Structure formats: C-alpha cells, structure tokens
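This report refers to the structure that appears directly beneath it.
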Amino acid sequence: MRLDWPASWRTRNYRKTRRRAEPECADPVMFARDRLGFDPDARQEAVLRARTKRGLLNCTRQWGKSTVTAAKAVHRAWTAPGSLVLVVSRAQRQSGEFVRKAAEFVRRLGVRARGDGDNEISLLLPNGSRIVGIPGMEATVRGFSAVNLLLIDEAAKVPDELYDAVTPMIAVGGGDLWLMSTPNGRRGFFWEEWARGGDMWMRVSVPATECPRIPEWFLAEERRRKTERVFRQEYMCEFADTEAAVFSEDSIQRALCWDIKPLEVPPFEPRQRREWRER
C-alpha cells in the first residue's frame, strides 16, 4: 500500500513551509543551522556549499561524513521538488542509519517523516522529493533512474560491481555523485578515483588531528592500542597497502618502466609453421 499525503494537505502545507523556508534555503549552511539544527564546522561548510558535480570525502572515523551528507541530501530534496536522492552503502543497516539521520532532519523542518510506499528505507517529502537508501547488492539497485544526488557511504568497502551498476543512474538527469569513506587499502574504485580520478573530483581529506571533536588524549590512546598501519588508515586518512601484499604499491610503481617497447615477434611463414608443428 502506498503511503502518501492527501492532495489538500500536500498543496496547503508545502506552499506554507516553502514560503517560510525560501529565504533560508539559498545558503545550505544557513539552512543546516537554522532549519536542521546542525552546526557544521569549517570543513563541513565547504562540503555543504560545494557546487561540484563530483565529490570525494576521505575523512577520519567520527568526523561526521554521514551527518553532513545527510544534511546535504535533505537540502537537495527540500529545494529541488520531485528530486530523487539515492544513498548506497554496503549493508542495509548502514543505509537505514543514514536515512534515519535524514528523517530526523526532516522532522526538524516540521514535516512528519513518511516512507514513499515503494521502498523499505525511504523518505517522501511533501514536494514529491524522495530520499531512498539501498543496500550494496547489485541485484537490488537496478531500476532507479534520473537520480539527482547519488551518495555512496563507506565507499571503500562497496564492491566495484555495485559502483559500475549505480553510476549510470545519474546519466540522464545530470545528477551529482559523492563518495564518502575512510580508506581501506589501495584498491577499489574509491582509491582509484582518489588517486587517478582527475580534476573532475573535489577532494576533501580530514585527518583526526584536524577534527575539533576528537581529543588528543583519545588519539594517543588509539595509537597505543592499534598497529601503526591501522591507526594511520582509520584516523590519518592514509591509503595503506593491504597486509597480504608481497610488494608495496610504491615499489611496484617504481619498478614500472614505460620507455621499453614490447617485444615484437614476426609472424610465422607457412613453412615455419609446418616445421614448428612437426617438432
């Protein structure tokens, strides 16, 4: 059964809330502070105000990647009527947690959070916009189209096959794509886009030492408890080589030489082929 608002409620209340929100909607940071009750720090402000079509968040644990992108998702859905914001993550629980954060923001707008009636993890706004969360399985993501904003949470742990399956969804509508994650080795599409994706991406890297909400004593304790590789990956945003790797990525790159031409073997003549087979 589809859950929706009655037409009279939708028209009357959306027009009223839209008139009240319009002056604050132009600036997403003001919208986040005044309407959503979320006070972003300076780096989070840059993410909210970013107009880029492609963004990469390579940030420490507990920086607030999901929170700031949830605020970005609600701002997009609120200011672009009829838009579709799609959130992809590795597991259903993770997608659900993201949409719950978005639902809390929607409630602060004075709107009752409702599902769209078609998707288990979803929000439907009075202006027809939807925020939908889907788990990281290729078989469950196909079918969405004209996505206005595509978010991939903990992208470093999402399979490459899923990334290939969801990116065509922003082709027709020219939607934006944001990947947010803590590093998980030098592998996968998150690492590839960060290292070799080119200038189309806005890259934001925030280590724990630059996060005002993480105290120094906690980082000192974590450095003592964890291996240096794990600490630098989880808190310092460094793409570490996998533990199973025999050679490091840097060693492999230094060993490559592009000046050597490949060996060219001349084609066999018919007589040579016959002699080769007789051997």
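The values are calculated or read from the model by the stated rules, or taken from the named source; none is laboratory data. Note that the structure is predicted; figures quoted are calculated from it, not measured. Don't worry about glycine lacking a Cβ; one is built from the backbone with ideal geometry, like all the others, and counts go over all protein chains shown. These area figures cover heavy atoms from the full protein model, side chains too; ligands, DNA and RNA do not enter into them. Shrake-Rupley method; radii C 1.70, N 1.55, O 1.52, S 1.80 Å.
What the table shows:
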| item | result |
| --- | --- |
| Across Lys101/Lys226; Lys72/Lys226; Lys65/Lys157, pairs whose alpha-carbon gap is larger than 26 Å | Lys101/Lys226; Lys72/Lys226 |
| Debye log10 I(q)/I(0) at q = 0.14 Å⁻¹ for segment 93-176, Cα point scatterers | -0.50 |
| Computed FRET value (nearest 0.05) for Val230 with Glu120, which takes r as the C-beta separation and R₀ as 30 Å | 0.30 |
| Segment 38-117: mean projected area of Cα convex hull, nm² | 6.2 |
| Expected-Rg normalisation [2.2 N^0.38 Å, Cα atoms] applied to segment 138-220 | 1.30 |
| Those GluC sites (Glu not before Pro) in segment 69-121 that DSSP places in a loop and that have at most 13 other beta carbons within 10 Å | none |
| Linear extension gain, Arg61 paired with Arg100, 0.36 nm per residue minus alpha-carbon span | 12.1 nm |
| Segment 93-240 - charge dipole about Cα centre, Lys and Arg +1 at Cβ, Asp and Glu -1, debye rounded to 20 | 480 |
| Protection proxy ranking of 212-224, 146-158, 67-79 - average other beta-carbon atoms within 10 Å, highest first | 67-79, 146-158, 212-224 |
| Heavy atoms of Ser83: accessible area, 1.4 Å probe, square angstrom to 10 | 10 |
